[in-house]
1. Give the ranking of Val80, Val93 by solvent-accessible surface, highest area first, calculated with a 1.4 Å probe.
2. Using helices alone, I'd like the mean residue ellipticity at 222 nm for the chain: each DSSP H run of four-plus residues gives -39500 (n - 2.57), total over residue count, nearest 500.
3. Can you send over the carbon and sulfur percentage of the accessible area for the chain, probe radius 1.4 Å, protein chains only?
4. Any idea of Phe16's accessible area? Nearest 10 Å², probe 1.4 Å.
5. Taking 8 Å as the Cα distance limit and 6 or more residues as the minimum spacing, I'd like the relative contact order of the chain as a percentage.
6. Which angle from 0 to 90°, rounded to the nearest 10, does the C-alpha axis of helix 31-46 make with the longest principal axis of the chain?
7. In bins 10 Å wide, starting from 0, what share of all Cα pairs of the chain does each bin hold, as a percent?
8. How much accessible area per residue does the chain have, in Å², with a 1.4 Å probe?
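The values are calculated or read from the model by the stated rules, or taken from the named source; none is laboratory data. Everything numeric in this text was worked out from a predicted model, so none of it was measured. Here the Cβ is made from the backbone with ideal geometry for all residues, glycine too, and neighbour counts use every protein chain on show. These accessible areas exclude ligands, DNA and RNA; they are computed on the full protein's heavy atoms, side chains included. Shrake-Rupley method; radii C 1.70, N 1.55, O 1.52, S 1.80 Å.
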Amino acid sequence: FAAVSLDGTNINLAKFRGKVIMIDFWSSWCPPCRSEAPVLSQVYHEYENEPIEFIGIAIWDREEDIRRFVDEFKLPYPNVVDSKGRLVIDYGVSGIPEKFFIDRSGILVKRFVGPMGPGKLRSILDEMLAAEGREGVGAS
């Protein structure tokens, strides 16, 4: 997909080829999304020196509420607004929060519905990095 982030940056998945990508579908009014936001921010910072990118996609929400949410939780990764619901349909999102994990070749390899704790998120990222021949941050 291609979209424009809240800060005006063009987001194109092809631009992130060679990185592990976690796409998170969320809304500001969603309690599980609110409880999960600090986890995503924390883990993103832990992996900032790895070939990993997070992309947030806000759905079923108002832009001013989305901006307030991003500011409140200091989300350091790009977030886009799916105002027309096109990405929700394309990805077959069934609920929020919902995460999609894409490998460095651009292939969707995992999907997770519901809020995710830091251990589970690290485990998936480390597994994906290991599949690419890297140890990962949480590996021992």
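1. Val93, Val80
2. Taking each H run of at least 4 residues, the total per residue is -10000 deg cm²/dmol.
3. Result for the chain: 50 percent of the exposed heavy-atom area is carbon or sulfur.
4. Only protein atoms counted, so the area is about 20 Å².
5. 30 percent
6. Value to nearest ten degrees: 40.
7. 12, 47, 35, 6, 0
8. 49 Å²
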